[in-house]
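Please read the structure below before turning to the comments.
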Amino acid sequence: MVKTQISEHARIVRNRTKDMITKVFGRTLTLRVMTRTLDALGQVVSIATSDTTFIGDIQFGMDLDQRYLSSGIVEVGEAILYIDPTALSTLPVSGDSIIDGNSVWEVHNQIESPELGGSVTHYSYRCKREINTSDV
C-alpha cells in the first residue's frame with residue numbers, strides 16, 4: 001500500500017486554521033453530552049451528563065458569516081460552532097449542548113468538515129440558543 005504525502009501547503013493551511021480557532025477567535029467552551037436511559041415503554045428514567053472543556057469558537061449575531069444566512073444554512077438567532085479536529089476526542093452530535101458562559105446552545109447538525117491534503121481542517125455545527133439562557 002502506498003501512502004501519499006501531505007503537501008507542505010496543506011499542512012500550513014491546516015495549522016493556520018487551527019491557530020485561528022484556538023488562539024485568535026477561540027475561547028473556552030464546554031461540551032455537555034446527555035445520555036438518556038429509557039424504560040421498556042420508552043419513557044426517560046434517568047439522564048446522565050458528561051462535561052468536556054475545549055477551545056473552540058461560537059459565532060452568532062453580527063459575528064456570524066453572512067453567507068450562511070443568505071444561503072439558508074442558518075437563521076437569524078442561530079450560531080455556528082467551529083472546532084479544530086484535535087480539540088475533542090468525541091465530536092458533538094444533535095442534542096448535545098455547548099456552554100459559553102451563561103449561554104447554552106443546543107447542537108443541531110454538522111454543517112461542514114472541509115478537507116485539505118486528506119485531513120479535515122475544522123468542523124462546523126449549527127446551534128440554537130436554549131430558552132432562558134443569556135450572556136448576563
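Tabulated values for the structure
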| item | result |
| --- | --- |
| Low-density loop cleavage sites - trypsin sites (Lys or Arg not before Pro) in region 1-101, where at most 13 other Cβ are within 10 Å (DSSP) | Lys3 |
| Average Cα contact separation per residue, the chain, under 8 Å, 6 or more apart, as relative contact order % | 24 percent |
| Degrees separating the helix 8-19 axis from the principal Cα axis of the chain, which is the longest one | 30 degrees |
| 13 Å beta-carbon shell around Ile12, net charge (K/R +1, D/E -1) | +2 |
| Descending Cα extents along the principal axes, the chain, whole Å | 53, 43, 28 |
| Cβ-defined net charge surrounding Arg27, 9 Å radius [Lys, Arg +1; Asp, Glu -1] | -2 |
| Most to least packed among 56-62, 38-44, 119-125 [average Cβ atoms within 10 Å] | 119-125, 56-62, 38-44 |
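Throughout, read-outs are computed from the coordinates displayed, never taken from laboratory work. If you're wondering where the values come from, they're calculated on a predicted model, not measured in any experiment. Note that each Cβ is placed from the backbone with ideal geometry, even for glycine, and that neighbours are counted across all protein chains shown.
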